Amino acid sequence: MIFIKKFDELGRDDLDQAGGKGANLGELTRADLPVPPGFVIVTDAYRAYVAEHQLADKIAELAAPTDDPAGYEAAFDQIHALFANEVSDALRTEIAEAYAALGEHTPVAVRSSATAEDLPEASFAGQQDTYLNVRGLEDLLAAVRDCWASLWTARAMAYRARQGIDPATVSLAVVVQQMVDADAAGVMFTANPSNGRRDEVVISAAWGLGESVVSGSVNTDNIVVRKPDGAVVSSETADKAVMTVRAEQRTQERPVPAKQRKQPVLNDSDAAELAAYGSRIENHYGAPQDIEWARADGKFFIVQARPITALPEVEGPAPTDWAVPDPTAMYVRASIVEQLPDPLTPLFADLIDGAVTRSLQSLFQEFIGEDLIRDNDVGLPTINGYAYYGYSRSGMVRLMWKSPKAFRAMFAGASQPRWRNYSHPKYRRIVSDWTARDLNGLTTAELLGGVHELVDAAAEYYTSVQAIIPIAATSEILFTWFYDAVVRQKDDPPAQVFVLGSDSEPIRAEKSLYDLATWTHDQPELAESLVALQPQEFLERAAASEDPSWHEWHNRFQAHLNAYGHTVYNLDFANPVPADDPVPLLNTLRFFVSGKGSDPYQRQRSLATRREQATAVALARLDPVRARTFRRLLHWAQSVAPVREDALADVGLAWPQVRRMLREIGRRLQVAGVIAEPDDVFWLHRSEIDETLGSLVDQVEQRKELWRGQRRATPPQLLPKGGWGDMWRRWLPAASEEQTGDLIKGIAGSMGTITAPARVLGGPQDFGQMQPGDVLVASITTPAWTSLFAMASGVVTDIGGPLSHSSIVAREYGIPAVLGTAVATRRIHSGQMIKVDGDAGTVTLLDGKQPEEIEPVATSSPRGKIIAGAIGGATAVGLTAWLVRRRRTRLG
């Protein structure tokens with residue numbers, strides 16, 4: 001049996017014999033790339049050694065999957081001891097001959113090459129061991145046995161278990177390669193891993209051997225090279241304090257000579273030459289590559305290449321210029337924008353702008369009987385893709401002038417009955433009419449006309465909801481003020497206790513899901529399958545199964561979606577709602593089925609009991625006059641608060657039908673070759689649907705790329721900076737978007753303090769990452785996010801104020817919330833320990849420190865920043881004048 005193969009005898013199809021590294025080095029050698037010579041001890045040698053010493057059963061027993069990391073560590077120690085025996089005479093002879101061909105006592109690098117590594121779908125880099133500067137046959141044979149044993153390191157076994165790879169199917173080859181005595185080395189990515197750009201090569205470089213770069217133990221120079229012309233796009237030179245070099249035994253780290261520490265490792269010509277090799281390798285493999293390189297005596301060598309795994313989608317540069325369309329106007333991210341945290345897709349931006357203006361015009365005409373708002377007074381334009389309420393100066397003056405009249409109209413009791421008796425029924429009727437139509441029988445123009453009608457109806461509905469928000473804000477502000485000033489004593493609960501425990505649409509949705517989980521728990525097969533199967537697989541089986549219990553589950557789940565599936569995660573209709581993509585709900589169902597969640601009925605009863613007890617205690621010590629005022633203010637606050645959540649939960653009522661209609665248009669455009677996928681219709685402009693003359697596939701991809709770059713920005717809340725609108729900045733319910741340091745300031749939304757791992761979620765596609773006890777960190781939360789609050793120990797958002805959905809629901813769950821930080825999703829990373837102080841409105845980044853290591857931070861209560869609609873829809877109805885000025889909002 002042949003146990004040795006030279007590099008030029010191997011290729012990419014020899015994975016089973018040579019493992020990932022060995023097969024790739026053979027492929028690169030045969031492609032005439034500068035690869036240091038060497039050979040591979042093929043997997044048959046490993047199998048022969050295991051068979052000769054009867055190790056297979058012992059390894060299988062020790063390597064059985066476990067949930068205990070310490071168990072893997074103990075298993076490796078025992079497995080490593082099994083590889084202490086010498087290799088067979090036949091193998092020793094072959095290795096000796098191959099090694100002699102490289103030169104007597106030639107220093108070599110000995111690397112493990114597993115059969116399951118360096119695959120496009122999995123990255124095993126660093127899972128097995130590498131030995132550098134190996135010299136002499138005995139040293140080489142010992143390194144080979146250590147490499148074989150490293151197939152069973154704790155990290156390798158744990159990684160294979162996570163990837164679902166059967167330990168019995170893996171084997172190991174060993175690469176023996178002449179070692180380059182490198183003066184510089186590093187890694188190179190033939191696509192930019194930070195932004196996904198395929199036209200850029202990213203090079204990391206350091207002095208000495210490359211092992212320190214791969215292991216991350218040294219700072220590196222970082223260079224970005226443009227592929228087409230080899231031009232250096234950017235270059236960052238690091239202070240390189242240490243370097244890895246050859247030593248008498250293996251390698252060692254040494255200080256970099258002072259004159260080299262801040263000297264660039266590569267000049268522009270070197271970077272272009274190296275990038276050209278990268279392009280050759282990528283073209284050869286037909287996919288972006290992760291390449292290890294070295295330089296010696298002015299010549300570059302390629303010592304490894306593997307596919308890049310998990311390369312992000314291409315994104316453009318993050319915007320830095322926030323110039324506004326009209327420097328004399330004011331642009332503010334508030335109100336409806338709280339449900340639009342991301343840049344808008346082109347079609348949504350086109351349709352929503354005019355709809356908002358028309359809805360406000362209609363509302364003012366109804367409330368004060370005047371055509372107060374002109375076409376250019378108020379709109380919802382985009383700046384770098386982000387939605388802003390735009391107000392002309394003259395329009396704002398007219399709005400403020402009419403504030404008292406609008407105020408009287410709203411607080412005369414017209415807004416809530418208007419929503420309940422007019423806006424809500426009208427919206428439902430329009431949605432119902434369009435849902436009943438056969439889309440196949442409608443022309444594209446008719447479908448688009450229907451979308452316009454539904455979006456206008458949604459905007460009109462949302463505007464009517466905005467008329468309720470200032471009433472909810474005022475009722476809670478006044479009750480809190482009266483309670484704190486006249487009623488509250490030292491040991492009394494905070495004012496928020498008196499408005500908790502009421503029913504609202506998000507809470508009813510949670511109860512519906514909890515009821516389904518309770519029923520599922522009593523069906524053992526269903527409950528087991530819900531946990532064991534992938535969510536989509538479970539849903540498909542439930543829809544197709546004829547088993548009575550599965551069929552009943554499907555019907556119950558569908559009933560839940562029919563009632564609550566229109567709640568939006570993000571108001572941009574390019575984003576699926578639960579009715580379109582119910583997979584995120586299954587993660588919450590699993591949580592409830594496992595028995596980890598709290599019973600929402602019991603929680604609500606407890607809150608109601610505490611509320612009633614606190615009310616009785618307060619009334620018992622008040623005289624009749626103060627008691628009467630207390631009752632009236634309390635009744636007002638309790639009656640309005642749930643209405644706001646009920647109203648907001650139905651904003652997306654039209655969205656399932658709008659998405660069906662637009663996707664039908666998209667399907668037709670796909671058939672016509674205009675776009676690649678039906679969902680690409682969301683990336684077209686309104687005019688392009690009417691006037692399409694050819695393919696827009698490239699334009700759609702460019703817009704997605706631009707959008708992904710815009711999404712990395714933190715949009716200022718008020719523009720232009722330094723303009724006349726700056727007088728409103730102090731009223732806005734968000735902190736500065738320029739915060740740095742370990743302390744992030746926001747707005748106190750729900751009392752309490754918690755230290756726990758953060759979980760940063762960009763949307764429903766990330767809901768499966770949420771773990772019980774995590775702090776939920778998101779740009780916003782809407783009613784559709786409520787199911788996650790059952791798992792969360794706290795909530796932190798970029799956008800929002802004391803009366804936002806996040807605050808109200810967090811209080812119901814009794815977890816701390818800090819809102820309106822502006823920067824949380826960009827400053828915090830998942831898994832990071834953070835301290836959330838819902839009383840002070842702060843988040844402390846612990847970065848691995850224990851809570852007791854953090855210096856206490858003295859903070860005062862946040863200033864009241866509740867503005868009716870946050871200078872958004874409610875400002876548009878002219879209500880800013882009646883706000884309670886500069887008072888402190890006491891939430892705890």
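The values are calculated or read from the model by the stated rules, or taken from the named source; none is laboratory data. The model shown is predicted, which means the values in this text are computed figures rather than measured ones. Please note: Cβ atoms are built from the backbone with ideal geometry, for glycine as well, and neighbour counts cover all protein chains shown. Keep in mind that these areas ignore ligands, DNA and RNA; they rest on the heavy atoms of the full protein, side chains included. Shrake-Rupley method; radii C 1.70, N 1.55, O 1.52, S 1.80 Å.
Can you tell me how many residues in segment 508-531 are part of a helix (DSSP H, G or I), among the charged types (D, E, K, R) and farther than 20 Å from Arg811 by Cβ? It would help to see each step written out before you state the result.
Our first condition is that a residue be part of a helix (DSSP H, G or I); within segment 508-531, this holds for 508-521, 524-531.
From what's left, among the charged types (D, E, K, R): 508, 510-511, 515, 525, 528.
Keeping just the survivors that are farther than 20 Å from Arg811 by Cβ gives 515, 525, 528.
Qualifying residue count for the region: 3.
Identify, from the list Glu612, Glu688, the residue that is among the acidic types (Asp, Glu), under 28 Å from Ile808 (Cα atoms) and over 29 Å from the mean Cα position of the chain (by Cα). Break it down into steps so the answer makes sense when it comes.
Details: Glu688 fails: under 28 Å from Ile808 (Cα atoms).
Matching residue, one of Glu612, Glu688: Glu612.
List pairs: first in segment 420-449 and farther than 22 Å from Val465 by Cα, second open to solvent by 70 Å² or more (accessible area, probe 1.4 Å) and in a helix (DSSP H, G or I), Cβ under 7 Å, 6+ apart or cross-chain?
Going by the 7 Å Cβ cut-off, the qualifying pairs are Leu439/Arg660.
Specify which of the listed residues (Ile675, Ile665) is aliphatic (A, V, I, L, M), modelled with pLDDT of 95 or more and more than 29 Å from Arg429 (Cα to Cα). I'd like the intermediate steps shown before the answer.
Working: Ile665 fails: more than 29 Å from Arg429 (Cα to Cα).
So the residue among Ile675, Ile665 that is aliphatic (A, V, I, L, M), modelled with pLDDT of 95 or more and more than 29 Å from Arg429 (Cα to Cα) is Ile675.
Out of the residues in segment 663-679 that are over 26 Å from the mean Cα position of the chain (by Cα) and among the aliphatic types (A, V, I, L, M), which is most open to solvent (accessible area, probe 1.4 Å)? Steps first, answer last, please.
Residues of segment 663-679 over 26 Å from the mean Cα position of the chain (by Cα): 664-675.
Applying the additional criterion that residues be among the aliphatic types (A, V, I, L, M) yields 665, 669, 671-672, 674-675.
Numbers: Ile665: 1, Leu669: 21, Val671: 113, Ala672: 74, Val674: 11, Ile675: 6 Å².
Looking at the filtered set, the residue picked out is Val671.
Run down Val651, Val658 and say which single residue is modelled with pLDDT of 95 or more, under 26 Å from the mean Cα position of the chain (by Cα) and not hydroxyl-bearing (Ser, Thr, Tyr). Before the answer, list the steps.
Values: Val651 fails: modelled with pLDDT of 95 or more.
It is Val658.
Out of all the residues in segment 221-241, which are more than 13 Å from Ala271 (Cβ to Cβ) and either touching a helix residue (DSSP H, G or I) at 6+ places or on another chain (Cβ under 7 Å) or of a type outside the set (A, V, I, L, M) (or both)?
Taking segment 221-241 first, the residues more than 13 Å from Ala271 (Cβ to Cβ) are 228, 238-241.
Answer for segment 221-241, where residues must be more than 13 Å from Ala271 (Cβ to Cβ) and either touching a helix residue (DSSP H, G or I) at 6+ places or on another chain (Cβ under 7 Å) or of a type outside the set (A, V, I, L, M) (or both): Pro228, Asp239, Lys240, Ala241.
Scan segment 256-315 for residues that are of a type in the set (Asp, Glu), touching a helix residue (DSSP H, G or I) at 6+ places or on another chain (Cβ under 9 Å) and outside any strand (DSSP E or B) and jot them down.
Restricting attention to segment 256-315, the residues satisfying the condition of being of a type in the set (Asp, Glu) are 268, 270, 273, 282, 290, 292, 297, 313, 315.
Right, trim to touching a helix residue (DSSP H, G or I) at 6+ places or on another chain (Cβ under 9 Å) and you get 292, 313, 315.
Once the filter is applied, which keeps residues that are of a type in the set (Asp, Glu), touching a helix residue (DSSP H, G or I) at 6+ places or on another chain (Cβ under 9 Å) and outside any strand (DSSP E or B), segment 256-315 yields Glu313, Glu315.
Would you mention how many residues in segment 748-764 are outside any strand (DSSP E or B) and over 14 Å from Ala824 (Cβ atoms)?
Initial filter on segment 748-764 (outside any strand (DSSP E or B)): 751-752, 761-764.
Checking which are over 14 Å from Ala824 (Cβ atoms) leaves us with 751-752, 763-764.
Number of matching residues: 4.
Is segment 813-821 home to any residue that is among the β-branched types (Val, Ile, Thr), open to solvent by 10 Å² or more (accessible area, probe 1.4 Å) and either touching an Asp or Glu at 6+ places or on another chain (Cβ under 6 Å) or closer than 19 Å to Leu513 by Cβ (or both)?
Scanning segment 813-821, I find at least one residue that is among the β-branched types (Val, Ile, Thr), open to solvent by 10 Å² or more (accessible area, probe 1.4 Å) and either touching an Asp or Glu at 6+ places or on another chain (Cβ under 6 Å) or closer than 19 Å to Leu513 by Cβ (or both), so the answer is yes.
If only one of Leu533, Leu439 is at pLDDT 90 or above, open to solvent by less than 70 Å² (accessible area, probe 1.4 Å) and touching a helix residue (DSSP H, G or I) at 6+ places or on another chain (Cβ under 8 Å), which one is it? Full working, then the answer.
On the way: Leu533 fails: at pLDDT 90 or above.
Only one candidate passes the filter, namely Leu439.
Hand me the list of helices (runs of 4 or more DSSP H) wholly inside segment 1-115 holding 2 or more residues that are under 17 Å from Thr169 (Cα atoms). If you could, list the steps in order and put the result at the bottom.
Details: elements: 15-30, 43-52, 56-62, 69-82, 89-102.
Filter on segment 1-115 gives 15-30, 43-52, 56-62.
Could you look through segment 693-721, keep only residues that are surrounded by fewer than 15 Cβ atoms within 10 Å (Cβ to Cβ), free of Cβ contacts under 8 Å to residues at least 60 places away in the same chain and part of a loop (DSSP other than H, G, I, E, B), and pick out the one that is nearest to the chain's Cα centre (by Cα)?
Ser695
Which count do you get for residues in segment 97-112 that are modelled with pLDDT under 90 and at negative phi? Full working, then the answer.
Here is the first cut: in segment 97-112, the ones modelled with pLDDT under 90 are 103-105.
Subsequent filtering for residues that are at negative phi retains 104.
Residues that pass the stated criteria total 1.
Taking the conditions exactly as written (β-branched (Val, Ile, Thr), in contact (Cβ under 8 Å) with a residue 12 or more places away in the chain, within 16 Å of Leu347 (Cα to Cα) and not in a helix (DSSP H, G or I)), does Val658 satisfy them or not? Before you say what the answer is, go through the steps one by one.
Working: β-branched (Val, Ile, Thr): yes; in contact (Cβ under 8 Å) with a residue 12 or more places away in the chain: yes; within 16 Å of Leu347 (Cα to Cα): yes; not in a helix (DSSP H, G or I): no.
The answer is no for Val658.
Return the residues of segment 319-362 that are open to solvent by 40 Å² or more (accessible area, probe 1.4 Å), in a loop (DSSP other than H, G, I, E, B) and in contact with a Lys or Arg (Cβ under 7 Å, 6 or more places away or on another chain); say none if nothing qualifies. Full working, then the answer.
Step one: of segment 319-362, the residues open to solvent by 40 Å² or more (accessible area, probe 1.4 Å) are 320-323, 325-328, 338, 350, 353, 358, 361-362.
Okay, now just the ones that are also in a loop (DSSP other than H, G, I, E, B), so 320-323, 325-328.
Of everything in segment 319-362, just one residue is open to solvent by 40 Å² or more (accessible area, probe 1.4 Å), in a loop (DSSP other than H, G, I, E, B) and in contact with a Lys or Arg (Cβ under 7 Å, 6 or more places away or on another chain), namely Thr328.
Which residues, taken from segment 575-609, are under 24 Å from the mean Cα position of the chain (by Cα) and aliphatic (A, V, I, L, M)?
Passing the criteria: Val577, Ala579, Val583, Leu585, Leu586, Leu589.
Pick from Trp481, Trp434: which is of a type outside the set (A, V, I, L, M) and touching a Leu at 6+ places or on another chain (Cβ under 7 Å)? Quick ask: steps written out before the conclusion?
Values: Trp481 fails: touching a Leu at 6+ places or on another chain (Cβ under 7 Å).
Result: Trp434 is the single residue among Trp481, Trp434 that is of a type outside the set (A, V, I, L, M) and touching a Leu at 6+ places or on another chain (Cβ under 7 Å).
Take Arg197 and decide whether it is under 35 Å from the mean Cα position of the chain (by Cα) and open to solvent by 20 Å² or more (accessible area, probe 1.4 Å).
On the way: under 35 Å from the mean Cα position of the chain (by Cα): yes; open to solvent by 20 Å² or more (accessible area, probe 1.4 Å): yes.
For Arg197, the condition - under 35 Å from the mean Cα position of the chain (by Cα) and open to solvent by 20 Å² or more (accessible area, probe 1.4 Å) - is met.
Does Ser432 count as of a type in the set (Ser, Thr, Tyr), over 33 Å from the mean Cα position of the chain (by Cα) and either in a helix (DSSP H, G or I) or at pLDDT below 90 (or both)? Can you show your working first?
Values: of a type in the set (Ser, Thr, Tyr): yes; over 33 Å from the mean Cα position of the chain (by Cα): yes; either in a helix (DSSP H, G or I) or at pLDDT below 90 (or both): yes.
Judged against the criteria, Ser432 is a match.
Out of segment 516-530, which residues are in contact (Cβ under 8 Å) with a residue 24 or more places away in the chain and open to solvent by 20 Å² or more (accessible area, probe 1.4 Å)? Full working, then the answer.
Within segment 516-530, the subset in contact (Cβ under 8 Å) with a residue 24 or more places away in the chain is 516-521, 523, 525-527, 530.
Residues satisfying the conditions are Thr518, Trp519, His521, Gln523, Glu525.
Looking at the structure I just gave you, is Asp572 under 30 Å from the mean Cα position of the chain (by Cα) and open to solvent by less than 20 Å² (accessible area, probe 1.4 Å)?
On the way: under 30 Å from the mean Cα position of the chain (by Cα): yes; open to solvent by less than 20 Å² (accessible area, probe 1.4 Å): yes.
Considered against the rule, which asks whether it is under 30 Å from the mean Cα position of the chain (by Cα) and open to solvent by less than 20 Å² (accessible area, probe 1.4 Å), Asp572 comes out as yes.
Would you mind stating whether Gly26 is in contact with a Leu (Cβ under 6 Å, 6 or more places away or on another chain) and either open to solvent by 20 Å² or more (accessible area, probe 1.4 Å) or over 18 Å from Leu140 (Cα atoms) (or both)? Can you show your working first?
On the way: in contact with a Leu (Cβ under 6 Å, 6 or more places away or on another chain): yes; either open to solvent by 20 Å² or more (accessible area, probe 1.4 Å) or over 18 Å from Leu140 (Cα atoms) (or both): yes.
Against the criterion (in contact with a Leu (Cβ under 6 Å, 6 or more places away or on another chain) and either open to solvent by 20 Å² or more (accessible area, probe 1.4 Å) or over 18 Å from Leu140 (Cα atoms) (or both)), Gly26 qualifies.
Restricting to segment 460-478, and then to whatever is in contact with a Ser or Thr (Cβ under 6 Å, 6 or more places away or on another chain) and open to solvent by less than 10 Å² (accessible area, probe 1.4 Å), can you tell me which residue is farthest from Val625 (Cα to Cα)? Lay out the reasoning, then the answer.
To start, the set of residues in segment 460-478 that are in contact with a Ser or Thr (Cβ under 6 Å, 6 or more places away or on another chain) comprises 460-461, 463-464, 467-468.
Adding the requirement that they be open to solvent by less than 10 Å² (accessible area, probe 1.4 Å) leaves 461, 464, 467-468.
Values: Tyr461: 39, Ser464: 35, Ala467: 31, Ile468: 28 Å.
Per the stated criteria, the residue is Tyr461.
Do we have any residue at all in segment 240-247 that's assigned to a loop (DSSP other than H, G, I, E, B), over 30 Å from Gly38 (Cα atoms) and open to solvent by less than 40 Å² (accessible area, probe 1.4 Å)? Please lay out each step first, then the result.
Here is the first cut: in segment 240-247, the ones assigned to a loop (DSSP other than H, G, I, E, B) are 240-241, 247.
Checking the rest, the ones that are also over 30 Å from Gly38 (Cα atoms) come to 240-241.
Applying the additional criterion that residues be open to solvent by less than 40 Å² (accessible area, probe 1.4 Å) yields 240.
The answer is yes; a qualifying residue exists.
Could you check segment 479-507 and list, in sequence order, the residues that are surrounded by fewer than 16 Cβ atoms within 10 Å (Cβ to Cβ) and not in a loop (DSSP other than H, G, I, E, B)? Full working, then the answer.
Keep residues of segment 479-507 that are surrounded by fewer than 16 Cβ atoms within 10 Å (Cβ to Cβ), which gives 484-486, 489-492, 503.
Within segment 479-507, Asp484, Ala485, Val486 qualify.
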